[in-house]
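Just below is one structure, and these are the notes that go with it.
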Amino acid sequence: MEPASHVASIIAHSGGAIGVAWLMIAFPLIGAAALLLGGRASDKYGHLLGVLMAVASFVVAALAFFQVLGFQPGERRRGVPLYDFIPGIAKVGLLVDPLSISFCLLITFVGSLIHIYSIGYMSHDPARRRFFAYLNLFVAAMLLLVLADNYVGLFVGWEGVGLASYLLIGFWQHKPSAATAAKKAFIVNRVGDFGLLIGIFTIFATFHSLAFADVFSAAGGASSGTLTAIGLLLLVGACGKSAQLPLQSWLLDAMEGPTPVSALIHAATMVTAGVYLIVRSGPIFQGAEAAQLVVTIVGVATLLAGAIIGTAKDDIKKALAGSTMSQIGYMVLAAGIGPAGYAFAIAHLITHGFFKADLFLGAGSVMHGMNDEVNMRKYGGLRKVMPITFVTFLIGYLAIIGFPLLSGYFTKDGIIEVAMEHNAILGWLAVLGAGITGFYMSRLVFMTFFGARRWEPTAHPHESPAVMTWPLIILSIGALGLGAFLIIGNRFMTFLAPAVGAPEELPSFNPFTATGLVTLALVAIGVAFAWFRYGAAEVPAVAPRGSFLTTFARRDLYGDALNEALFMRPGQWLTRLAVFFDNRGIDGLVNGLAAFIGGSSGRMRRIQTGFVRSYALSIFVGAALLAGAWLVVGNL
Amino acid sequence: MPWLSTLMGVSVLGALGVTLVRNDKLAKQFTLVVSLIVLALTVGMAVQFSPNGDKFQFVETYDWIPSFGVHYGVAVDGIALVLILLSVILVPIVVLASWHDAEAGKRSVRTYFSLILVLEAMMIGVFAATDVFLFYVFFEAMLIPMYFMIGSYGGAQRSYAAVKFLLYSLFGGLLMLVAVIALYSIAGKGTFMFSDLVGTVQDVTTQKWLFLGFFVAFAIKAPLWPFHTWLPDAAAQAPAGAAVLLVGVLDKVGTYGMLRFCLELFPDAAKFFTPLVIALSVVGIVYGAIVAIGQTDMKRLIAYTSVSHFGFIALGVFAMTTDAGAGATLYMVNHGFSTGALFLIAGFLIHRRGSQFIADYGGVQKVAPVLAGTFLVAGLSSLSLPGLSTFVSEFMVLTGTYQRYMVPAIIAATGVILAAIYILWMYQRTMNGPTAESVKGLRDLNAREKFVVAPLIALLLIFGFYPKPLLDVIHPAVKDTLSSVGVSDPAPAVPVAKEGQ
């Protein structure tokens, strides 16, 4: 088939599953509303309703996907107009095309599995119904984000995801740490949203439209300065949602939420939004080379930072969070490269969605069996007692480190190859990141499932119930084979081409490139190193002090300390100063002035104790006199 | 049918009726019924308004003081209509919310509810007035019921707050009175009718002086920075319901006045002072938000958020683009619902615990989840979360402003971040964390309180997803206003070729 290097135009569509694509959003939204308003009576079936709504959404997505497949490649972009949202600024509609439908499938499928898993994981929580309401809301918002055909609709979904994550991270809000983490996530995201908003304003000021179709078709006419500005502003937004440097700090605290939330945030929704935004806005970035360069630099910096953080964490969820940062960094890197990288960015996003959900839910399963213990130094030897969790986790692990033929091998190495071709420095740094990934992920697996049992005396680990293990099994199948399916024969790249374009020459898959072999070797070294330190050797119960490098990584590269020193403390001082100034400065001045006009401060006090009416009267009389005088003078 | 006079007449008669009822409970029910009748009538009027018809509709004009050319003239355009709708929707909600608020007052319960209805008539009148002198009369007269509502039914510092409110407002009113009379005499038309006065002052220097007379009055009323210091005191001391009417409606007269009078009567002066007003607005947005973050008293905090929000409204008015102007008008409406919900729910909470201080709370979510949940929704509307109507108006104001004044719009947009901080931090300190000993016994919202909150949240949601009905009414009026000022929207740098249009 001819590779399409240009984006196809959008065809208005009605009928079939695409015509009712809004149902994808409506189902979970209705679920959220019903569960929140339902009251205690719906406690019994609330979680089932939540699952049903997520699955229903998946069914619509699957039907729409097959409908899209049925069209000729050049006709696979379908617009579904909905209504006039903000007259004069934006009509809202949905855009069902290969890019958005790929996201929809990922979000609804992995999202549904996370819903099902949560039935078991949250079975003892008295607020389980509310939890499912928020999960539904999360899915609905994310679907709006990827389906909207314009930047306002996208922004509504974008902030909706922020709200849902706020509610879920702070789900156990009686814990001050959870409440603080939730607030932090929302505020840091808002910093990103601020950038995105200004980007949207610039788009509107430039094109007087926010519809993708209008903006992208006219983008070529805008100056590269304008496009660069827009690109960089969109990138700020992407950094917030996708936890890229320098707006990464919220992600590591976001572990305060129940574990399925982490799986949802890290795999199917939220952090992928930034990658989506960059890929979707391709026509803008392609006219702004400087912005693209910054995108790739941010991606590489974050993929290394996340990996380094991952090496030093003893908390299993935090180690995984570091790996999310890192993997999203790979996607952002690929997205910054342009059409050659888009398909790999999204393919990795999809396979990552599977293996990261698998890993997070697996971690949840471990915690579920270990009295919610998260410290890996108190794990060890769990492979015997939790066999299903172990095997599925192992597959996810092999996928993320890029073990040959598993998903990550195809998608992550695809990114590395493309990066290498684009710019050797970026390429080698991405290879280095892969090596570190090999180390920290192996460390995590060895500390958890291998070695001596270092359990607390009260721990009685057991395998999780079927409702939790089945989602793990299904996800691990994806982690196994999805990468090969998408990448071999450029299946996914060809599919995406009408939506995002494709390189002039389609890449051919070659397992024996120099880059690929070096990557594999580095990963193997990382694994071996981890084995000698954490598999074969005894793991100390208390983390050793380590070098300054270890401390650097443990403290999240001092991201929080930096934020505190740069923003929080000066902000607190500014706030105090402003409050003081407002009370004493402005108000004092005005009160003083009033007292002065009134004659004396004694007079002022008298007014306050009840002589106001006479004072008011005197003002009225005075006003009338003054006005009369003006009339006379004016008429003279 | 003389719709507007009927609305005011029903309110005034209702106010008189309330004072005649002997029984307090009956008086409350009577007030509620009257306010609902006014609401129904207003809706009946609104559906007959044709957005693309005459600028002013439901016109009534009678001579009042013929020798001075003063008229009783009322009518509405789209801007006035939506603000009247805001007022009459808020009144029954406030009545229901204030059910027990007047019991500890210095005066009788009946008087309180009677004052609400008197105020309702004046709120309708002030937005509907087409005679500048009549507008001034309503503008000043509105102070009186509000003064008594704060001074006789408010918190511990009520007399200080009420007097401060009155003095500030009277000072502004005085300046406006001078400007009104000067306008009358300079125009030399022997009439105070607004439509006859438009375009009569040609001399730019004169325009500037008259503009300032009106503007300072409105800037105090709204309030804009640095004229805002009366508001936190008044809002914190007023009973919650009165605070809603004060911040939700009365203050809007300031921003409404800027849009209607400052722009149309003195277009050249308005353009001259635009940089100044935009500067004040942007400072107010950031300053109000920062001071809000530092508040320890819930009601003062909400008042400062309004200082920030009024900055957005004034910014939208003076950016003089269709999007910003329409956004500012919509902002006035949405802010009424949003801040109304915040004040009322905070009021419910304060009523239970007997303290306005944030530090006296903690973990309320655990004992009163509905109260906490609705408070969060109201808070989210204050931080302009998409999906709630406040987002639409803030987005329009900022988009519209950015087209002409890029840097001020960017600075103003930082309010988006600051709002998240002041709202979520307040929410965290009051609702999250371990449940404080002192709030363990708090009841959740009762049925009456839910009836208060539900319509507000419903309105925030409905107009959050479908603001078109309001904007369809607002747009023509704003376009008309801007064209009479003589400004047109900036053109896009890269026009999009619209297919099929």
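The values are calculated or read from the model by the stated rules, or taken from the named source; none is laboratory data. Bear in mind the structure is a predicted one, so any value in this text is a computation, not a measurement. Cβ sites come from the backbone with ideal geometry, for glycine too, and all protein chains shown count toward neighbours.
Among the residues of segment B:430-454, write down those that are under 20 Å from residue B:381 (Cα atoms) and either of a type in the set (Phe, Trp, Tyr) or surrounded by fewer than 19 Cβ atoms within 10 Å (Cβ to Cβ) (or both). Walk me through how you get there before you give the answer.
Looking only at segment B:430-454, we keep the residues that are under 20 Å from residue B:381 (Cα atoms), and these are B:430-432, B:445, B:449-454.
Result: B:450, B:451, B:454.
Out of A:145, A:197, report the one residue that is touching a helix residue (DSSP H, G or I) at 6+ places or on another chain (Cβ under 8 Å) and either more than 9 Å from chain B (Cβ to nearest Cβ) or of a type in the set (S, T, N, Q) (or both).
A:145
Specify the residue that is nearest to residue B:131 (Cα to Cα); the eligible residues are those in segment B:197-207 that are surrounded by fewer than 16 Cβ atoms within 10 Å (Cβ to Cβ) and not β-branched (Val, Ile, Thr).
If we take residues in segment B:197-207 being surrounded by fewer than 16 Cβ atoms within 10 Å (Cβ to Cβ) and not β-branched (Val, Ile, Thr), then B:199 is nearest to residue B:131 (Cα to Cα).
Among the candidates B:424, B:418, B:385, B:461, single out the residue that is within 30 Å of residue B:369 (Cα to Cα), without any contact (Cβ under 8 Å) to a residue 24 or more places away in the chain and within 11 Å of another protein chain (Cβ to nearest Cβ).
Only one candidate passes the filter, namely B:385.
Name the residue, out of A:52, A:106, that is under 26 Å from residue A:168 (Cβ atoms), surrounded by fewer than 24 Cβ atoms within 10 Å (Cβ to Cβ) and within 26 Å of the chain's Cα centre (by Cα). So that I can check it myself, show each step before the final result.
Values: A:106 fails: surrounded by fewer than 24 Cβ atoms within 10 Å (Cβ to Cβ).
Residue meeting the stated conditions: A:52.
Given the criteria touching a strand residue (DSSP E or B) at 6+ places or on another chain (Cβ under 6 Å) and either assigned to a helix (DSSP H, G or I) or over 30 Å from residue A:60 (Cα atoms) (or both), does residue A:160 qualify?
In short, no.
Considering only segment B:467-491, how many residues are facing chain A (nearest Cβ under 10 Å), surrounded by fewer than 16 Cβ atoms within 10 Å (Cβ to Cβ) and part of a loop (DSSP other than H, G, I, E, B)?
Total meeting the criteria: 2.
When you look at residue A:164, is it farther than 19 Å from residue A:332 by Cα, surrounded by 24 or more Cβ atoms within 10 Å (Cβ to Cβ) and within 8 Å of chain B (Cβ to nearest Cβ), yes or no?
So residue A:164 fails the test.
Would you please list the contacts, defined by Cβ atoms under 9 Å and residues six or more apart or on different chains, that run from a residue in segment B:208-233 that is under 11 Å from residue B:314 (Cβ atoms) and assigned to a helix (DSSP H, G or I) to a residue that is of a type in the set (Ser, Thr, Tyr) and modelled with pLDDT of 90 or more?
These pairs meet every condition: B:218/B:255; B:218/B:256.
Is there a residue in segment A:114-126 that is free of Cβ contacts under 8 Å to residues at least 24 places away in the same chain, over 22 Å from residue A:210 (Cα atoms) and either within 14 Å of chain B (Cβ to nearest Cβ) or in a helix (DSSP H, G or I) (or both)?
Taking segment A:114-126 first, the residues free of Cβ contacts under 8 Å to residues at least 24 places away in the same chain are A:123-124, A:126.
So of that shortlist, the ones also over 22 Å from residue A:210 (Cα atoms) come out as A:123-124, A:126.
In the following step, the residues that additionally are either within 14 Å of chain B (Cβ to nearest Cβ) or in a helix (DSSP H, G or I) (or both) were identified as A:126.
Yes, because at least one residue in segment A:114-126 is free of Cβ contacts under 8 Å to residues at least 24 places away in the same chain, over 22 Å from residue A:210 (Cα atoms) and either within 14 Å of chain B (Cβ to nearest Cβ) or in a helix (DSSP H, G or I) (or both).
Quick one: which of A:228, A:296, A:324 is assigned to a helix (DSSP H, G or I), more than 30 Å from residue A:112 (Cα to Cα) and in contact with a His (Cβ under 8 Å, 6 or more places away or on another chain)?
Sole residue among the options that is assigned to a helix (DSSP H, G or I), more than 30 Å from residue A:112 (Cα to Cα) and in contact with a His (Cβ under 8 Å, 6 or more places away or on another chain): A:296.
What do you reckon, is residue B:446 polar (S, T, N, Q) and free of Cβ contacts under 8 Å to residues at least 24 places away in the same chain?
yes
Restricting attention to segment B:273-309, report how many residues are part of a helix (DSSP H, G or I) and either at the interface with chain A (Cβ under 10 Å from one of its Cβ atoms) or of a type in the set (Lys, Arg) (or both).
Here the count works out to 12.
So is residue B:448 among the charged types (D, E, K, R), outside any helix (DSSP H, G or I) and away from chain A (no Cβ under 11 Å) or not? Write out each step before concluding.
Working: among the charged types (D, E, K, R): yes; outside any helix (DSSP H, G or I): no; away from chain A (no Cβ under 11 Å): yes.
For residue B:448, the condition - among the charged types (D, E, K, R), outside any helix (DSSP H, G or I) and away from chain A (no Cβ under 11 Å) - is not met.
Name the residue that is farthest from residue A:198 (Cα to Cα), counting only residues in segment B:401-451 that are basic (Lys, Arg) and under 27 Å from the mean Cα position of the chain (by Cα).
B:448
Does residue A:518 fit the bill of being under 13 Å from residue A:443 (Cα atoms) and either outside any loop (DSSP other than H, G, I, E, B) or out of contact with any Cys (no Cβ under 8 Å at 6 or more places or on another chain) (or both)? Reasoning before the result, please.
Values: under 13 Å from residue A:443 (Cα atoms): no; either outside any loop (DSSP other than H, G, I, E, B) or out of contact with any Cys (no Cβ under 8 Å at 6 or more places or on another chain) (or both): yes.
So residue A:518 fails the test.
Considering segment B:174-196 alone, what residues qualify as being touching a strand residue (DSSP E or B) at 6+ places or on another chain (Cβ under 7 Å) and either buried (at least 21 other Cβ atoms within 10 Å of the Cβ) or farther than 22 Å from residue B:73 by Cβ (or both)?
B:192, B:194
Hey, does segment A:411-430 have a residue that's free of Cβ contacts under 8 Å to residues at least 24 places away in the same chain and either within 28 Å of residue A:368 (Cα to Cα) or aromatic (Phe, Trp, Tyr) (or both)?
The first filter runs over segment A:411-430 and keeps only residues free of Cβ contacts under 8 Å to residues at least 24 places away in the same chain, leaving A:424-425, A:428.
Among the residues that remain, those that are also either within 28 Å of residue A:368 (Cα to Cα) or aromatic (Phe, Trp, Tyr) (or both) are: A:428.
So far as segment A:411-430 goes, yes, one or more of its residues are free of Cβ contacts under 8 Å to residues at least 24 places away in the same chain and either within 28 Å of residue A:368 (Cα to Cα) or aromatic (Phe, Trp, Tyr) (or both).
State whether one or more residues within segment A:278-286 are more than 9 Å from chain B (Cβ to nearest Cβ), over 30 Å from residue B:491 (Cβ atoms) and either outside any loop (DSSP other than H, G, I, E, B) or among the hydroxyl-bearing types (Ser, Thr, Tyr) (or both).
The answer is yes, given that some residue of segment A:278-286 is more than 9 Å from chain B (Cβ to nearest Cβ), over 30 Å from residue B:491 (Cβ atoms) and either outside any loop (DSSP other than H, G, I, E, B) or among the hydroxyl-bearing types (Ser, Thr, Tyr) (or both).
Of all residues in segment A:167-192, which are more than 16 Å from residue A:247 (Cα to Cα) and either aromatic (Phe, Trp, Tyr) or more than 14 Å from the chain's Cα centre (by Cα) (or both)? Break it down into steps so the answer makes sense when it comes.
So in segment A:167-192, the residues more than 16 Å from residue A:247 (Cα to Cα) come out as A:167-180.
Once the filter is applied, which keeps residues that are more than 16 Å from residue A:247 (Cα to Cα) and either aromatic (Phe, Trp, Tyr) or more than 14 Å from the chain's Cα centre (by Cα) (or both), segment A:167-192 yields A:167, A:170, A:171, A:172, A:173, A:174, A:175, A:176, A:177, A:178, A:179, A:180.
Test residue A:377 against the criterion of being over 24 Å from residue A:342 (Cβ atoms), charged (D, E, K, R) and in a helix (DSSP H, G or I), and give yes or no.
yes
Considering only residues that are of a type outside the set (Ser, Thr, Tyr) and more than 11 Å from chain A (Cβ to nearest Cβ), which ones fall in segment B:149-171?
B:149, B:150, B:154, B:155, B:156
Just one of the numbered conditions (1) within 9 Å of chain A (Cβ to nearest Cβ); (2) more than 21 Å from residue A:229 (Cβ to Cβ); (3) surrounded by fewer than 24 Cβ atoms within 10 Å (Cβ to Cβ) is not true of residue B:377; which one?
Just one mismatch for residue B:377, condition (1).
Suppose we filter segment A:5-49 for residues that are of a type in the set (Phe, Trp, Tyr) and surrounded by fewer than 15 Cβ atoms within 10 Å (Cβ to Cβ); how many remain?
The qualifying residues number 1.
For segment A:193-211, indicate whether the set of residues that are within 14 Å of the chain's Cα centre (by Cα), part of a helix (DSSP H, G or I) and either under 26 Å from residue B:432 (Cβ atoms) or basic (Lys, Arg) (or both) is non-empty.
Looking for residues that are within 14 Å of the chain's Cα centre (by Cα), part of a helix (DSSP H, G or I) and either under 26 Å from residue B:432 (Cβ atoms) or basic (Lys, Arg) (or both), one finds at least one in segment A:193-211, hence yes.
Give B:279, B:222, B:240, B:236 a once-over and let me know the one that is closer than 22 Å to residue B:411 by Cα and touching an Asp or Glu at 6+ places or on another chain (Cβ under 7 Å).
B:222
Is it the case that residue B:438 is assigned to a helix (DSSP H, G or I) and within 30 Å of residue B:327 (Cβ to Cβ)? Before you say what the answer is, go through the steps one by one.
Numbers: assigned to a helix (DSSP H, G or I): yes; within 30 Å of residue B:327 (Cβ to Cβ): no.
In short, no.
Can you give me the number of residues within segment B:1-55 that are outside any helix (DSSP H, G or I), in contact (Cβ under 8 Å) with a residue 60 or more places away in the chain and not hydrophobic (A, V, I, L, M, F, W, C)?
Going residue by residue through segment B:1-55, those that are outside any helix (DSSP H, G or I) are B:1-2, B:21-23, B:49-55.
This time we only want the ones that are in contact (Cβ under 8 Å) with a residue 60 or more places away in the chain, so: B:21, B:49, B:51-52, B:55.
Now drop any that are not not hydrophobic (A, V, I, L, M, F, W, C), which leaves B:51-52, B:55.
The qualifying residues number 3.
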